[in-house]
Amino acid sequence: MERAQGQLEAEMQNLEEEKNRVIEEAFIRAESEMKAVHENLAGVRMNLLSLQPALRTLTSDYNCLKRQVQDFPFMLDKAITEAKREICQVISEVSSTNQELLRKYKREMNLRKKCHNELVRLKGNIRVFCRVRPVSQEEQDSADSKTMLSFDSEDDAILYLSNKGKTMTFELDKVFSPQATQEEVFQEVQSLVTSCIDGFNVCIFAYGQTGSGKTYTMEGVLDDPGINQRALRLLFSEVTEKAPDWDYKITVSMVEIYNETLRNLLGENPTDKLDIKMNPDGSGQLYVPGLTEFVVQSPEDINKVFELGHMNRATACTNLNEHSSRSHALLIITVSGFNASTGNRTQGKLNLVDLAGSERIAKSGAEGSRLREAQCINKSLSALGDVINALRGKHSHVPFRNSRLTYLLQDSLNGDSKTLMMVQVSPLPNNMSESVCSLKFAQRVRSVELSLSSSFSRRHENSSTSSSPTHDSVELDSPPVTPVPLPISRASSAGSTLSSASRTPSISRRRSQSQLSTGRLKLTA
Ligand SMILES: Nc1ncnc2c1ncn2[C@@H]1O[C@H](COP(=O)(O)OP(=O)(O)OP(=O)(O)O)[C@@H](O)[C@H]1O
């Protein structure tokens, strides 16, 4: 019993010790945990302390933003109102500048038109050029190739023609020697071409006997095109350049007049005959029902037009060369413009005409269909001369209706329209009588015009220069023609609508003027 009690006490003793140890350990652990918690707490406190300024900044930022957000609609309204006011002010400034510019532009345009009209009035609106074609290789080889034409080295408007021992002098507006290139010829006519953009109607005729180079000048050859193609290309590039301000439309028609019958060369059926009628819209303008008008929208279209016209012309006849000599070929280009900012509209027409051969076949005993062809050609060329004469003579009646050609071109020959007659001449002695006829025709056309464009000539209206430039009024082997002594209007032609840049100071012209003052011109023997 005592032993058991001793054991129990010892166990209790152990347990008591064990308890004290565990408590001590727990206390130590609790103390170290407490210490760690304190340390963490201190860290958190430190963090809290360091975050406080940032929090204050954030709070103040937030408050600031909040105020701004509250103020924003008001500020926005204010800014918009201010911007509106500034924009309105700028717009009104720009618009008044614009108005001023528009006013100036319109005034300049009117001035330009007035100057142009005045220039046309002073110069006369018919110009006559002459182009002498070169002698071909074949002709050079033949015995009869000696050219009878010569040029004035100091005056590019004079042409001398030797005939039967006498030298005839012709004075025109410009003479192109056989060396003149297609480009040089075009340079002289390009201002006339572009004037149709300004709303003028223009006619350029190639006149002369068969084989004198009319088609070469107008159509040209594949690698060296003539006036037709160059004109269309120039017009296209000019209107493209003006595109931001102007909206232009270029349309092209091609017509052939054969035996007084009109054919549509760009139509689906080129053998169909066309008629010329009064426009039912009451405008008093003529129109050709069914005439194809091809709208040119790209340079490629230009090639298409010429290919189609050429193909249609060729398919409707057996021999194109012969046929083209006996028919008039017309390329009619219309340029319509609209300026959206000024509201201005323009419409000009450029008629490029390769006339039928002017030789007088009727006098050489032609019969049947050849005779009819010749009569038709003579009739229309004479009608052209009569119309020009009547127009420039301000006759009350202008016989437009005497031929299809003049009837079709009525609106382009009338009013302030401009005409250029390109007289083609062969240099060969065999062709001399026809060359003389062509040059006389040209000179009479020019003299009709000149006789009305200077006061001097008005006084001489009824003298030798007033004869009508009718085609068949020119007689073969008639005495040498007297040069038209009217250089006054040409002397004042600086700034001509037709380029005068290439003209040389003219001894001949001075000579003409001094002869003019004596009232007489002699032929050079
Ligand atoms: N300035 C020139 N330079 C080179 N060749 C030319 C020139 N003028 C004409 N020719 C050539 O002379 C020939 C006759 O010219 P073209 O056919 O143009 O005459 P045309 O007056 O139109 O004749 P047609 O009345 O028969 O149509 C052609 O072979 C042409 O190529």
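The values are calculated or read from the model by the stated rules, or taken from the named source; none is laboratory data. All values reported here derive from a predicted model rather than from experimental measurement. We place every Cβ from the backbone using ideal geometry, glycine too, and count neighbours over all the protein chains shown. Surface areas here come from the heavy atoms of the whole protein model, side chains and all, with no ligands, DNA or RNA. Shrake-Rupley method; radii C 1.70, N 1.55, O 1.52, S 1.80 Å.
Determine whether Phe205 is open to solvent by 10 Å² or more (accessible area, probe 1.4 Å), modelled with pLDDT of 90 or more and among the hydrophobic types (A, V, I, L, M, F, W, C). Can you show your working first?
Working: open to solvent by 10 Å² or more (accessible area, probe 1.4 Å): no; modelled with pLDDT of 90 or more: yes; among the hydrophobic types (A, V, I, L, M, F, W, C): yes.
Spelling it out, it is not the case that Phe205 is open to solvent by 10 Å² or more (accessible area, probe 1.4 Å), modelled with pLDDT of 90 or more and among the hydrophobic types (A, V, I, L, M, F, W, C).
Looking at Asn321, Asn344, Asn339, which one is modelled with pLDDT under 90 and open to solvent by less than 20 Å² (accessible area, probe 1.4 Å)?
Asn339
I need every pair where a residue in region 369-397 that is in contact (Cβ under 8 Å) with a residue 24 or more places away in the chain has its Cβ under 6 Å from the Cβ of a residue that is of a type in the set (Asp, Glu) and in a helix (DSSP H, G or I), sequence separation at least 6 or different chains.
Asn378/Asp472; Ser382/Asp472; Arg392/Glu449
Inside region 269-297, can you point out the residues that are outside any strand (DSSP E or B) and in contact (Cβ under 8 Å) with a residue 24 or more places away in the chain?
Restricting attention to region 269-297, the residues satisfying the condition of being outside any strand (DSSP E or B) are 269-272, 275-276, 279-285, 288-293, 297.
Listed by number, the residues that qualify are Pro270, Thr271, Ile276, Gln285, Val288, Gly290, Leu291, Thr292, Glu293.
Could you list, in sequence order, all residues of region 204-263 that are more than 16 Å from the ligand (Cβ to nearest atom) and assigned to a loop (DSSP other than H, G, I, E, B)?
Lys242, Ala243, Pro244, Asp245, Glu260
Does Met422 meet the test of being part of a helix (DSSP H, G or I) and in contact (Cβ under 8 Å) with a residue 60 or more places away in the chain?
Taking the combined requirement at face value, the residue does not satisfy it.
Just wondering, is there one or more residues in region 158-170 that are in contact with a helix residue (DSSP H, G or I) (Cβ under 7 Å, 6 or more places away or on another chain), of a type in the set (Phe, Trp, Tyr) and touching a residue at least 24 places away in the same chain (Cβ under 8 Å)?
Yes, some residue in region 158-170 is in contact with a helix residue (DSSP H, G or I) (Cβ under 7 Å, 6 or more places away or on another chain), of a type in the set (Phe, Trp, Tyr) and touching a residue at least 24 places away in the same chain (Cβ under 8 Å).
Just to verify a result, which residue in region 152-188, among those that are part of a loop (DSSP other than H, G, I, E, B) and either away from the ligand (no atom under 16 Å from the Cβ) or not assigned by the TED database to the domain that holds Phe205 (or both), is surrounded by the most Cβ atoms within 10 Å (Cβ to Cβ)?
Ranking the qualifying residues of region 152-188, first place goes to Asp173.
Between a residue in region 122-142 that is away from the ligand (no atom under 16 Å from the Cβ) and modelled with pLDDT under 85 and any residue that is open to solvent by 40 Å² or more (accessible area, probe 1.4 Å) and in a helix (DSSP H, G or I), which pairs come within a Cβ distance under 8 Å, given they are 6 or more apart or on different chains?
Between residues of region 122-142 that are away from the ligand (no atom under 16 Å from the Cβ) and modelled with pLDDT under 85 and residues that are open to solvent by 40 Å² or more (accessible area, probe 1.4 Å) and in a helix (DSSP H, G or I), the close pairs are Gly124/Leu452.
Among the residues in region 405-417, are any open to solvent by less than 20 Å² (accessible area, probe 1.4 Å) and within 16 Å of the ligand (Cβ to nearest atom)?
yes
Yes or no, residue by residue, for (1) under 30 Å from Gly343 (Cα atoms); (2) polar (S, T, N, Q); (3) within 60 Å of the chain's Cα centre (by Cα):
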| site | (1), (2), (3) |
| --- | --- |
| Met12 | no, no, no |
| Leu15 | no, no, no |
| Val22 | no, no, no |
| Arg29 | no, no, no |
| Val37 | no, no, no |
| Val69 | no, no, no |
| Ala83 | no, no, yes |
| Ile91 | yes, no, yes |
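Which residue, of Lys273, Lys242, is charged (D, E, K, R), over 24 Å from the mean Cα position of the chain (by Cα) and either at pLDDT below 95 or under 26 Å from Ser435 (Cβ atoms) (or both)?
Details: Lys242 fails: over 24 Å from the mean Cα position of the chain (by Cα).
Unique residue meeting the criteria: Lys273.
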